[in-house]
Amino acid sequence: MKNIAIILMLMAGAAHAQDAAPSADPVGDQIVVIGEKLKTWKGGVTKENGRLMCRTKESTGDKQLDAIRCGGMLTCIKPLEPRIDKLMSSDASRLEKRDKFNAMLAGTKPCLDEYEDAAIARLAAERTKS
């Protein structure tokens, strides 16, 4: 996601310089659009009936984008599931559980960034073909 953020910043600056000129990079333009829409997504992962589930609280308005965010979360958090289960069933205080859970999730950031970068690039390429 860092790469996309850098691309977004560079492209935003370039867009002002070019004004209404047609884009030479429609995939890059689509990546900007997708990145902006993904900023509006809110949700999280929960465990229901023994399964990790992604719940969208605030949709982007685009099911494919919501699926990117949920897919990344489920893919990257799944390997932590046994550790999360152990933590949640421990006698730790609610505050301690929250802090330890957040620390575990912080370690998933590289995985999430990689997943989202690849998914956004694929979707942008698909959308510019049509």
Can you tell me which of (1) outside any helix (DSSP H, G or I); (2) at pLDDT 90 or above; (3) open to solvent by 90 Å² or more (accessible area, probe 1.4 Å) is the one residue 61 doesn't meet? (3)
Per the filter on the range 87-99, residues within 17 Å of residue 46 (Cβ to Cβ) and open to solvent by 80 Å² or more (accessible area, probe 1.4 Å) are 88, 89, 94, 98
Among the candidates 71, 44, residue that is assigned to a strand (DSSP E or B), open to solvent by less than 40 Å² (accessible area, probe 1.4 Å) and in contact (Cβ under 8 Å) with a residue 12 or more places away in the chain: 44
Restricting to the range 100-130, what's the tally of residues that are part of a helix (DSSP H, G or I) and either touching a residue at least 40 places away in the same chain (Cβ under 8 Å) or closer than 19 Å to residue 82 by Cβ (or both)? 21
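The values are calculated or read from the model by the stated rules, or taken from the named source; none is laboratory data. Since we're looking at a predicted model, the values are computed, not measured. Don't worry about glycine lacking a Cβ; one is built from the backbone with ideal geometry, like all the others, and counts go over all protein chains shown. Accessible surface areas use protein heavy atoms only, side chains included; no ligands, DNA or RNA. Shrake-Rupley method; radii C 1.70, N 1.55, O 1.52, S 1.80 Å.
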